[in-house]
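**Q** What follows is a single structure, and I will ask about it in a moment.
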Amino acid sequence: GDATDWLSTFNNIQINSKLSAYAGPGGWNDPDMLIGSSPGTASVLLPHQARTMFSLWCVMAAPLLIGSKLTNMTAFDLETYTNKDAILVDQDPLGIQGRPVVDTCPQEKLSVLVAKGRRLMARRSKKGLSLDPALETIPDCHQVWVKPLQSGATAIALVNYGVNATRMRVDFGTVLGIEGKAHVKDLWLKRTFPASHSYAELVAGNGGGSLL
């Protein structure tokens, strides 16, 4: 379905999480255009949600099609969409779509998620259309996505869908198959630091995220 707000974006992310086996050089899954936080367009996200969306699209090797009005783009969105390190993750020659390796979200069948997306689209096109309250709520959950890169490194995206900030942890042995020390680079803060055995971060709620 169309991504028009954070709720429909969440649903599209869950759909695409089940399609990683069907993506690769020559054919890419398209979870829809990027929604920015700049004013002047029909669909707008909060700034941190727009950046998390971009992070996930890069890890999912998705087409990076900007749905914002380019002549009215904020400095924050411009910084998001021109982050070379993030774009390199998306365009990595290995062409592997990332997948969630830590996932506390409800595990729904693909057919259920697609049907939900259609109902969300109908809600937008028909103002006043009532939906099951469960469809209007993003569950209190989080995900850790990983994407192997040609260099041998692994891109990691953290996303917290819950209302409150959550301390998220990546165990190198369990998630990456790495024992001991590793170098972690935050692609948004543009800093690299050593870590031993695991990495932990307090991730903001309501669509907060990180790209490593």
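The values are calculated or read from the model by the stated rules, or taken from the named source; none is laboratory data. Note that the coordinates shown come from a computational prediction; the quantities given were computed from them, not determined experimentally. Cβ: placed from backbone, ideal geometry, glycine included. Neighbour counts: every protein chain shown. For the accessible areas, the whole protein counts, side chains as well, though only heavy atoms, and no ligand, DNA or RNA atoms are used. Shrake-Rupley method; radii C 1.70, N 1.55, O 1.52, S 1.80 Å.
**Q** Just the accessible area for Thr192, please: 1.4 Å probe, Å², rounded to the nearest 10?
**A** Rounded to the nearest 10, the figure is 90 Å².
**Q** Now for a separate question. How would His197, His48, His183, His142 line up by accessible area, probe 1.4 Å, largest first?
**A** His183, His197, His48, His142
**Q** Calculate how steeply helix 47-59 sits against the longest principal axis of the alpha-carbon atoms of the chain, using the helix alpha-carbon long axis, and give the answer as 0 to 90 degrees to the nearest 10.
**A** Orientation of helix 47-59: about 60 degrees from the principal axis.
**Q** Here's another thing I want to ask about it. Once both axes come from the Cα atoms, what is the angle between helix 110-125 and the longest principal axis of the chain, in degrees from 0 to 90, rounded to 10?
**A** For helix 110-125, the angle is close to 50 degrees.
**Q** Show Lys69, Lys116 ordered by accessible area, largest first, where the area counts protein heavy atoms only and the probe is 1.4 Å.
**A** Heavy-atom accessible area, descending, gives Lys69, Lys116.
**Q** Please work out the average accessible area per residue across the chain, using the 1.4 Å probe convention, and give it in Å².
**A** Averaged over the residues of the chain, the accessible area is 50 Å².
**Q** Continuing with this model, one more query. Students often get this wrong, so check it: of Lys18/Lys185; Lys69/Lys116; Lys18/Lys84; Lys147/Lys181; Lys116/Lys190; Lys109/Lys147, which have C-alpha atoms separated by over 31 Å?
**A** Long pairs (Cα-Cα over 31 Å): Lys116/Lys190.
**Q** Give the accessible area for Ile178 in Å² (nearest 10); use a 1.4 Å probe, count only protein heavy atoms, and leave out ligands, DNA and RNA.
**A** 70
**Q** If I fit a long axis through the Cα atoms of helix 6-16 and take the longest principal axis of the Cα atoms of the chain, what angle between them do I get, 0 to 90°, rounded to 10?
**A** 60
**Q** Compute all pairwise cysteine Cβ distances in the chain, then list the cysteines with no distance under 4.7 Å to another cysteine.
**A** Cysteines lacking a close Cβ partner in the chain: Cys58.
**Q** While we're on this one: Where does each of Glu201, Glu79, Glu179 land when they are ordered by accessible area, with a 1.4 Å probe and the largest first?
**A** Sorted by accessible area, descending: Glu179, Glu79, Glu201.
**Q** How far is the Cα center of segment 61-95 from the Cα center of segment 1-15, in Å?
**A** Answer, in whole Å: 18.
**Q** For the chain, what's the relative contact order in percent, using C-alpha pairs closer than 8 Å and at least 6 residues apart?
**A** Relative contact order, the chain: 20 percent.
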